[in-house]
Amino acid sequence: MFQKDYWERKSLEERRAPDHPVVRDYVTPKIAWIQKFVPMAPSARLLDVGCGNGFFSYYFDRICQTVGIDYSSQMLSRNPIRQKFQMDAGCLAFSDVSFDVVFCHALLHHVENMDSILKEMKRVSRKYVVVLEPNPVNPLMFLFSAWVPEERKALSFSPAYLKEKIENAGLILVASCSHGMIVPNKAPAFLLPFLRLFNFPNPWGMTHILIAQRKTPDF
């Protein structure tokens, strides 16, 4: 319950909008890297699980047919995409293989049933599952995760641990990296020219990106 309270707290009213320049510079290079491995034609269907106020779904919606789901009604109310639903990520109300790509950003370290959620993401995916999570090797991310109780689970999210969880869900890891030095909701906008210098895959990157696919894709 404390996680739900965390995402319904009043301070979220001050959360940056998806089109904020810092959020844009956090998100768009990561999507560009993902697109090297995951084709996203305008006709493709993408599900953003735990979409929040739309940091990623706002940009995905400009590329392909995007649906967002989140447990927090407050976060959903701030998400600008049209197709969005309040829903439990552990029990997705979609048919099997409904989406070409199933995506989540900074979701898994906030849930107790991570294995079930990954299996649900696999179930509704036609081929690709993409997971983004904090990188605790980054000093700032380590301190933030250690300081905030609701973020603390991320301290164990090494690439090896996430790879194991993905494979246990019946998925094959096809590409991964740690990426960027921007904190989307906290980095000062005046630092963007400097932070952009690190907007590429590097071991100290703020965010792990893992791209997986089903062992037996359905076409």
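The values are calculated or read from the model by the stated rules, or taken from the named source; none is laboratory data. This structure is a prediction, so every number in the text was calculated from the model and none was measured. We place every Cβ from the backbone using ideal geometry, glycine too, and count neighbours over all the protein chains shown.
Of all strands (runs of 3 or more DSSP E) completely enclosed by segment 32-142, which ones contain at least 2 residues that are among the basic types (K, R)?
Details: elements: 45-49, 65-70, 84-86, 99-105, 125-134.
By residue number, 125-134.
All conditions but one from (1) within 18 Å of K36 (Cα to Cα); (2) out of contact with any Leu (no Cβ under 9 Å at 6 or more places or on another chain); (3) not aromatic (F, W, Y) apply to H179; the one that does not is (2).
Annotation: S116 fulfils all but one of (1) under 19 Å from V49 (Cα atoms); (2) at pLDDT below 95; the unmet one is (2). Of the numbered criteria (1) at pLDDT 95 or above; (2) over 16 Å from the mean Cα position of the chain (by Cα), the one K165 fails is (2). Summed over segment 176-201, residues that are among the polar types (S, T, N, Q), assigned to a loop (DSSP other than H, G, I, E, B) and within 15 Å of the chain's Cα centre (by Cα) total 1. Looking only at residues of segment 176-190 that are buried (at least 18 other Cβ atoms within 10 Å of the Cβ) and touching a residue at least 60 places away in the same chain (Cβ under 8 Å), we find that the one that is farthest from M206 (Cα to Cα) is A187.
For segment 158-175, check the following and say yes or no: at least one residue is surrounded by fewer than 18 Cβ atoms within 10 Å (Cβ to Cβ), aliphatic (A, V, I, L, M) and assigned to a helix (DSSP H, G or I). So far as segment 158-175 goes, yes, one or more of its residues are surrounded by fewer than 18 Cβ atoms within 10 Å (Cβ to Cβ), aliphatic (A, V, I, L, M) and assigned to a helix (DSSP H, G or I).
Within segment 58-68, one or more residues are over 24 Å from K215 (Cα atoms), surrounded by fewer than 23 Cβ atoms within 10 Å (Cβ to Cβ) and free of Cβ contacts under 8 Å to residues at least 12 places away in the same chain.
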